[in-house]
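*Asks:* One structure coming up, written as C-alpha cells, with questions to follow.
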Amino acid sequence: MARTISDLDFTFNAVLLEDELASANLNFDVPSADITAFADVYQNALAGKPGFNMDVAGSYDPAASQGDATIFAALGGVGLTYDVEPNGVLGYNGYAIVKSYSIQVAVNQAIKYTASFMHNGLSAAADGLAPTRA
Amino acid sequence: MARIMSNPALFSYNAVQIEDELNSIVQTIDVPAADITAFADVYQNAVAGKKSVRTEIGGSADLAASQGWKTLFAGIGAGPKSTVLDPVGTGPGANAPEYQCTASGLTGVLVAAMKISLPVGDAARYTATLQHSGLTSRAVA
C-alpha cells in the first residue's frame, strides 16, 4: 500500500539528466497475438515480446555534457546506457536508442525539450535482452 | 542544470533573420526505430535508422519585402535553403549551440507547408513547416 512520490533519477550515456527533467513516462507494452477460435466465448490472446519506451520532458541545457549535447550526439547511433529510477532508488537499466528529440522555443517561456528512448537490450550490440530491474 | 529563457532566440531562413516575427519555434529530430526483434530476443528490439529533422515556426506576419513571409513564400517548391536555429541567442559557443542546416547540393531546408491566418480584428499570423534535407549539425564554435 505504499504511495511513492516521484523522485526520478535518470541517466543516459552516464550523463545525469534528472536535474533538467520535469516529467517522464515509462511505457512497457506487450503485443497481444490474437488466437481467438470459433469455440471461444471471449476473445483470446497470447503475449508477445515486451517493449520498453521512455518519454521525458524538461528544461533545455545546452552546456557541454548536459542533456542537449548528449542526446543530439546519440541520434541515429547505437544503443547507449540508461538507468531510470522512478523513486530515485529502484528502477530499470539497459541500453536504449534515441527515437526522437524536440526543442521547443516559445516567447516568454523557458526553452523546453522532449525526448523518446527505446530500450534495445543490455549491450550496444542490441541483444534484445530485458531491462535489468535493480 | 541551466534553465534558460527563450527571449533571445535567433532563427534565420535563407540568411534572413526572422526571429523578430516569430513567437514559436519547434525543431524535432525523429529517428526511425527499425524493428530487429528475433525469436531469441526477450524484449522488442530495434536499431536506429536515419535521422529526419523538421522545424515548425509560427509568428506574426510581416509581408514586407525581405521579411519572413515573402522569403518563405519564395522557398515553396524551390531548392533547399539554409537555416540556423540559435535557441540561446549567443551562439555558436560552448554553451550556446546553433543547429545549422546549410544549403549545398541536396542538403538544406525545404518549405513543406505554410499557413497564414487572418482573423478580423486580430493580428495576421503565420505558421510554416520546414523539412530538413541532409545534415543538420550542432555547432558550438
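*Asks:* For chain A, give the magnitude of the charge dipole about the Cα centre (Cβ charges: +1 Lys/Arg, -1 Asp/Glu; no others), in debye to the nearest 20.
*Replies:* 180 debye
*Asks:* Would you mind giving the average projected area, over all directions, of the Cα convex hull of chain A in nm² with one decimal?
*Replies:* The number I arrive at for chain A is 11.8 nm².
*Asks:* Now a separate question. Projecting each Cα onto the charge dipole of the protein assembly as shown (Lys/Arg +1, Asp/Glu -1 at the beta carbon, about the Cα centre), which of A:25, B:123, B:139 comes out farthest on the positive side?
*Replies:* Of the options given, the answer is B:123.
*Asks:* Please tell me the relative contact order of region B:55-134 in percent, rounded to the nearest whole number, where contacts are Cα pairs under 8 Å and at least six residues apart.
*Replies:* Worked out over region B:55-134, it gives 35 percent.
*Asks:* Between residue B:82 and residue B:40, with labels modelled 7 Å along Cα→Cβ, what's the label distance in nm to one decimal, could you check?
*Replies:* Each label point is offset 7 Å from its Cα along the Cβ direction, giving 5.0 nm.
*Asks:* Here is a follow-up. Got the relative contact order for chain B handy, in percent, Cα pairs under 8 Å and 6 or more residues apart?
*Replies:* Values: 316 pairs, mean separation 35.6, N = 141.
That works out to 25 percent.
*Asks:* In addition: Starting from the Cα gyration tensor of the protein assembly as shown, multiply each eigenvalue by 5, take the square root, and state the resulting semi-axes largest first in whole Å.
*Replies:* Listed largest to smallest, the semi-axes of the protein assembly as shown are 38, 23, 19 Å.
*Asks:* What nm value, rounded to one decimal, do you get for the distance between residue B:3 and residue A:63 when each label is placed 7 Å out toward the C-beta?
*Replies:* 1.5 nm
*Asks:* What distance in nm separates the simple spin-label points at residue A:107 and residue B:122, each placed 7 Å from Cα in the Cβ direction?
*Replies:* Between residue A:107 and residue B:122, the simple spin-label model gives 1.4 nm.
*Asks:* How large is ³J(HN,Hα) for each residue in region B:134-141, as worked out from phi by the Karplus curve 6.51 cos²θ - 1.76 cosθ + 1.60 (θ = phi - 60°), to whole Hz, x for Gly and Pro?
*Replies:* Each residue's phi maps through the Karplus curve to give x, 5, 10, 9, 9, 9, 10, 7 Hz.
*Asks:* So how long is each side of region A:9-58 along the principal axes, counting just the alpha-carbon atoms, biggest first, in Å?
*Replies:* Principal-axis extents of region A:9-58 (Cα, largest first): 55, 19, 11 Å.
*Asks:* With only Lys, Arg, Asp and Glu charged, each at its Cβ (+1 for the first two, -1 for the last two), find how big the charge dipole of the protein assembly as shown is about the Cα centre; round to the nearest 20 debye.
*Replies:* Charge dipole, the protein assembly as shown, about its Cα centre: 600 debye, nearest 20.
*Asks:* Check which residues have an amide H placed less than 5 Å from residue A:99's amide H, if you skip close sequence neighbours.
*Replies:* HN-HN under 5 Å from residue A:99: A:116, A:117, A:118.
*Asks:* Quick check on packing: order B:21-30, A:14-23, B:112-121 by the mean number of other C-beta atoms within 10 Å, highest mean leading.
*Replies:* Result, highest mean first: B:21-30, A:14-23, B:112-121.
*Asks:* While we're here: Given a cut-off of under 8 Å on Cα pairs at least six residues apart, what relative contact order in percent is computed for chain A?
*Replies:* Relative contact order comes out at 25 percent.
*Asks:* For residue B:86, what is the net charge nearby, where nearby means another residue's Cβ is under 9 Å from its Cβ and Lys, Arg count +1, Asp, Glu -1?
*Replies:* -2
*Asks:* Which cross-chain or sequence-distant (5 or more) residues have an amide H under 5 Å from the amide H of residue A:130, H modelled 1.01 Å from N in plane?
*Replies:* Residues meeting the criterion, in which the H sits 1.01 Å from N, are B:42, B:43.
*Asks:* Something else about it: Please list the radius of gyration and Dmax for region B:10-139, considering alpha-carbon atoms only, with Å as the unit.
*Replies:* Just the Cα atoms of region B:10-139 yield Rg and Dmax of 17.7, 63 Å.
*Asks:* Can I ask one more? Just how far, in whole angstrom, is region B:17-32 from region A:36-75 if you go by their alpha carbon centroids?
*Replies:* The distance from the Cα centre of region A:36-75 to that of region B:17-32 comes to 25 Å.
*Asks:* Residues of B:84-92, mean number of Cβ from any other protein chain within 10 Å of their own Cβ, rounded to a whole number?
*Replies:* Values: counts 0, 2, 2, 8, 4, 1, 1, 1, 0.
For peptide B:84-92, the averaged partner shielding equals 2.
*Asks:* Here's a follow-up. With θ set to phi - 60° and the Karplus curve 6.51 cos²θ - 1.76 cosθ + 1.60, what are the ³J(HN,Hα) couplings of region A:106-118 in order, to the nearest whole Hz, using x for Gly and Pro?
*Replies:* In residue order, the calculated couplings are 9, 4, 6, 10, 5, 5, 10, 8, 10, 8, 10, 10, 10 Hz.
The numbers here are math on the coordinates, done by the rules we state, and not lab data. None of the values given here were measured: they were computed from a predicted structure. Quick reminder, even Gly has a Cβ in these numbers, built from the backbone with ideal geometry, and neighbours come from all protein chains shown.
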